[in-house]
Amino acid sequence: MPRCPLCSRSVEQGARICPHCGYELGKNLQLVVEFEKLGRTTEVFFGLTVVLFIAFIVSTSIAVLSRSFSTALLAIALLVVAFVVAVIGNSYATRLKKLMRSVRRPPR
């Protein structure tokens, strides 16, 4: 179900006006599509970052307990990958925020 780029609430498929805030969806269909895509991508990158940080914590604990150098290297690699994923996800979130700021409220 699509979401309104102004209020982020769900709207019916094919709706021309958001029933919650009155934003004209029909005129801004491309904006609505881009909003949906950026929102999903941001959620995916956030989820990946959380999973990678959890894997880092687990592998660090295993490395400390087993005193294994290879496991410690794996933990460092996971941390680096998590950082890169977080930076990429942040760039998508920034684009989403800019897109949301570009949306103007309709006159009431």
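Read the figures in this text as sums done on the coordinates, not as results from a lab. These numbers were taken from a predicted model, which means no experiment stands behind them. Note that each Cβ is placed from the backbone with ideal geometry, even for glycine, and that neighbours are counted across all protein chains shown.
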In degrees, nearest 10, the alpha-carbon axis of helix 69-102 is tilted away from the dominant principal axis of the alpha carbons of the chain by 10 degrees
Applied in sequence order to segment 18-25, the curve 6.51 cos²θ - 1.76 cosθ + 1.60 (Karplus, θ = phi - 60°) yields integer Hz couplings, x standing for Gly and Pro, of 5, x, 8, 10, x, 5, 7, 6
Sorted by chain and number, the residues with a modelled amide H under 5 Å from that of ARG3, at a separation of 5 or more or across chains, are VAL11
If LEU25, LEU74 are placed from fewest to most neighbouring beta carbons inside 10 Å, the sequence is LEU74, LEU25
Measuring from the longest principal axis of the C-alpha atoms of the chain, the long axis of helix 29-66 (C-alpha) lies at a number of degrees, nearest 10, equal to 20 degrees
